[in-house]
Amino acid sequence: MKKETKDYSKYFDFSDAKVIREEDGKTTLRLNGRHIQIQSAPDYKDEKKRGKEEIRIHYDNAIPEDMRDFGRDKFYYIMTYGCQMNEHDTEVMRGLFEEMGYAATEDRKQADVILLNTCAIRENAEDKVFGELGHLKTLKQEKPGLILGVCGCMSQEAAVVNRLMSKHPHVDLVFGTHNIHRLPHLLRDVVFSREMVIEVWSKEGDIIENLPKKRDGMRAWVNIMYGCDKFCTYCIVPYTRGKERSRLPEDVIAEVRDLARRGFKEITLLGQNVNAYGKDFADRQYRFADLMEDIRSIDIPRVRFTTSHPRDFDDHLIEVLAKGGNLVEAIHLPFQSGSTEVLKRMSRKYTREQFLELVRKIREAIPNAVLTSDIIVGFPGETEEQFEETLSIVRETRISMAYTFIYSPREGTPAAAMEDNVPMSVKQERLSRLNALIAEMSLKSNQQLVGETVEVLVEGQSKNNPNVLSGRTRSNKLIHFEGPKDWVGHFMQVRITKPMTWYLNAEAVEPPQLAALSHGA
Ligand code: 5AD
Ligand code: SF4
């Protein structure tokens with residue numbers, strides 16, 4: 001921790017705040033009758049820097065002895081927005097809470113601590129969080145002892161921290177994506193000082209190992225790397241998640257082995273761009289394909305990964321994925337646009353032709369691969385012809401499903417400064433045309449499965465009908481079929497009876513015990 005006291009006045013644009021204390025690297029302000037203790041605030045300039053400094057790995061992160069009972073008879077509630085990385089961070093925070101003696105609750109009225117783990121990727125994600133903070137204000141008035149915290153990607157934005165300080169004095173704690181392991185210390189600071197506590201580190205180059213993780217069910221996320229150095233011009237992630245840094249293979253493998261021993265059925269390797277795994281290792285040539293090869297030999301039935309960048313998806317990786325086994329044939333490969341011109345302005349660093357060639361290679365090596373993607377419409381200056389290139393690349397690559405988004409300007413990113421002459425009505429109309437095509441592609445790819453018998457990992461009962469179970473195929477297709485609750489958590493064989501647009505109906509062909517013997521993954 002830096003000990004010098006920073007002048008925070010340049011970060012925040014309110015003039016009515018009074019500095020009341022400066023000590024030990026912390027600045028305490030008074031604003032709207034609330035004391036705000038700033039331990040560290042976000043700084044976009046720092047976040048943009050990609051220094052050569054060494055990545056430090058910290059293994060010793062035990063909860064302080066005096067915090068082990070801190071949450072006894074108390075409850076926590078975490079609301080998670082956004083991507084799998086946030087879901088995973090929530091698992092870590094749940095682990096930390098439970099090591100402090102807190103218990104989970106689903107009833108926010110019962111909670112002593114409520115955290116919003118936020119997403120900054122698009123403006124509507126941020127609007128949802130501010131809406132929720134409005135609702136929670138009433139709860140906080142009814143229960144003044146409640147600790148209300150905001151963490152995740154939005155906390156890394158100076159503008160958001162500014163707004164929280166000036167307009168949401170009922171928030172008690174703001175911490176960033178690099179400060180998760182500090183949660184016990186920060187909670188203690190809030191409880192003892194009764195001030196709003198802010199700690200957001202920028203440009204972090206560290207990896208924190210051995211944090212507790214509270215995972216439910218049979219599937220687990222495994223982080224293999226943090227951050228992103230790609231700086232696609234529309235994207236805020238490189239600013240909110242810091243520079244690319246990979247966990248050591250031995251740490252990842254030890255975690256996967258442990259999950260296998262504990263009976264987990266499926267893992268998903270996580271990173272903003274898993275294909276860049278290992279590029280930051282100074283002392284070894286070990287990349288994502290090598291990691292996948294090593295994980296292939298671990299006895300865990302299904303291994304997924306997300307998310308990929310087409311530029312770093314190399315031949316070695318295709319070769320390893322083609323070996324199958326526990327490496328499933330579902331590949332999420334965001335291409336964002338089908339127009340070389342738009343891709344260039346997005347700084348994606350590949351052309352339409354290069355993407356087509358990559359898909360051709362994948363299809364040749366893994367003929368049953370199911371490809372999915374992320375697509376942005378209405379990027380600044382996107383013409384009708386350029387949008388049609390996106391439609392045609394969806395058809396050419398036979399994408400089965402895609403998450404589609406209208407471009408949302410993010411303050412501080414290069415695209416936010418680009419001239420945008422595409423009216424919102426045109427963007428919306430493009431989005432609905434694209435969505436109609438994606439629905440058509442999804443139905444088509446589901447229709448090909450009629451009559452086939454596929455392996456399903458049964459994940460749970462349908463919310464609407466307890467006789468209906470749902471599960472996923474290796475290729476990540478959602479399957480509904482009738483069966484008893486005790487099949488949940490098992491692999492089984494089902495025959496596809498009716499394809500729908502976003503899921504498939506099926507019938508069981510084997511009870512799960514037999515299927516478990518024969519799935520042989
Ligand atoms: N506007 C719209 N969509 C975005 N994405 C990332 N940044 C933006 C933005 N500013 C989309 C991309 C990415 C997915 C996670 O979110 O498609 O792959
Ligand atoms: Fe954002 Fe591009 Fe990095 Fe993906 S690769 S997280 S879109 S900057």
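For K128, a cut-off of 18 angstrom between C-alpha atoms picks up these aspartates and glutamates, skipping any fewer than 8 places away in its own chain: E87, E157, E411. Using Cβ-Cβ distances only, list the Cys residues of the chain with no partner cysteine under 4.7 Å, sorted by number. Taking the Cβ cut-off of 4.7 Å, the unpaired cysteines of the chain are C83, C119, C151, C153, C228.
Just how large is the dipole of the chain about the Cα centre, in debye to the nearest 20, putting +1 at every Lys and Arg Cβ and -1 at every Asp and Glu Cβ?
On the way: 75 positive and 80 negative charges, 92 e Å.
Roughly 440 debye, rounded to the nearest 20.
For the chain, what does the helix formula give at 222 nm: sum of -39500 (n - 2.57) over DSSP H segments with n ≥ 4, over the residue count, nearest 500 deg cm²/dmol? Could the numbers behind the result be given before it?
Numbers: 14 runs with 160 residues, N = 521.
The per-residue figure over the chain is -9500 deg cm²/dmol.
Highest mean first, how do 351-361, 420-430 rank when packing is the count of other Cβ atoms within 10 Å averaged over residues?
Details: 351-361: 16.5, 420-430: 14.1.
In decreasing order of mean packing, 351-361, 420-430 become 351-361, 420-430.
Rounded to the nearest 10 degrees, the angle from helix 384-397 to the longest Cα principal axis of the chain is 50 degrees. Rolling a 1.4 Å probe across all protein chains gives E123 an accessible area of roughly 90 Å². Output the pairs from K26/K214; K167/K213; K167/K427; K230/K344 with a Cα-Cα distance over 23 Å in this structure; if there are none, say none. In this structure, K26/K214; K167/K213; K167/K427 lie more than 23 Å apart at Cα.
About its Cα centre, how strong a charge dipole does the range 9-199 have in debye, to the nearest 20, once Lys and Arg get +1 and Asp and Glu get -1 at the Cβ?
580 debye
Set the Cα radius of gyration of the range 377-521 against 2.2 N^0.38 Å, with N its number of residues, and you get 1.39. Each peptide in 228-241, 74-87 gets a packing score, the mean of other Cβ atoms within 10 Å over its residues, and the list from highest to lowest is 228-241, 74-87. Taking the Kirkwood radius as Rh and the Cα radius of gyration as Rg, the range 376-445 has a ratio of Rg/Rh equal to 1.01.
With kT/(6 pi eta Rh) evaluated at 25 °C and eta = 0.890 mPa s, and Rh the Kirkwood radius from Cα pairs, the chain diffuses with a coefficient of 99 µm²/s according to Stokes-Einstein.
Against the chain, whose longest principal axis is taken from its Cα atoms, helix 158-167 shows a tilt of about 60°.
Of the trypsin sites (Lys or Arg not before Pro) found in the range 76-120, the ones in coil according to DSSP and having at most 16 other Cβ atoms within 10 Å of their Cβ are R108, K109.
Seen against the Cα atoms of the chain and their longest principal axis, helix 424-447 is set at about 40 degrees.
Where both partners of a DSSP beta bridge lie in the range 208-447, what percent of those bridges are antiparallel, to the nearest 5? All intermediate terms of the calculation are to be shown ahead of the outcome.
Working: 2 of 23 bridges.
About 10 percent, rounded to the nearest 5.
Across all directions of projection, what mean area in square nanometres is found for the Cα convex hull of the range 453-514?
Numbers: hull surface 15.0 nm².
Mean projected area for the range 453-514: 3.8 nm², to one decimal.
Note on T383 and K463: their simple-model spin labels are 4.4 nm apart, each label 7 Å out from Cα toward Cβ.
Taking the convex hull of the alpha carbon atoms in the range 208-447, what volume per residue do you get, in Å³? Walk me through the numbers on the way to the answer.
Details: hull volume 33.5 nm³, N = 240.
Residue-normalised Cα hull volume stands at 140 Å³.
Within the chain, antiparallel bridges make up roughly 40 percent of the DSSP beta bridges whose residues both belong there. Ligands, DNA and RNA left out, the 1.4 Å accessible surface of the chain is 48% carbon and sulfur atoms. DSSP finds beta bridges in the range 432-510, and of those with both partners inside it, around 90 percent are antiparallel. Semi-axes of the equivalent ellipsoid for the range 9-199, computed as √(5λ) from the eigenvalues of its C-alpha gyration tensor and ordered from largest down, come to 23, 21, 19 Å. Solvent-accessible surface of the range 453-514, averaged per residue with a 1.4 angstrom probe and all protein chains in place: 50 square angstrom.
The values are calculated or read from the model by the stated rules, or taken from the named source; none is laboratory data. Just so it is clear, the model here is predicted, and its values are computed rather than measured. Because the Cβ atoms are built from the backbone with ideal geometry, glycine has one as well, and the counts that use them run over all protein chains shown. Just so you know, the surface numbers come from the protein's heavy atoms only, side chains and all, with ligands and any DNA or RNA stripped out. Shrake-Rupley method; radii C 1.70, N 1.55, O 1.52, S 1.80 Å.
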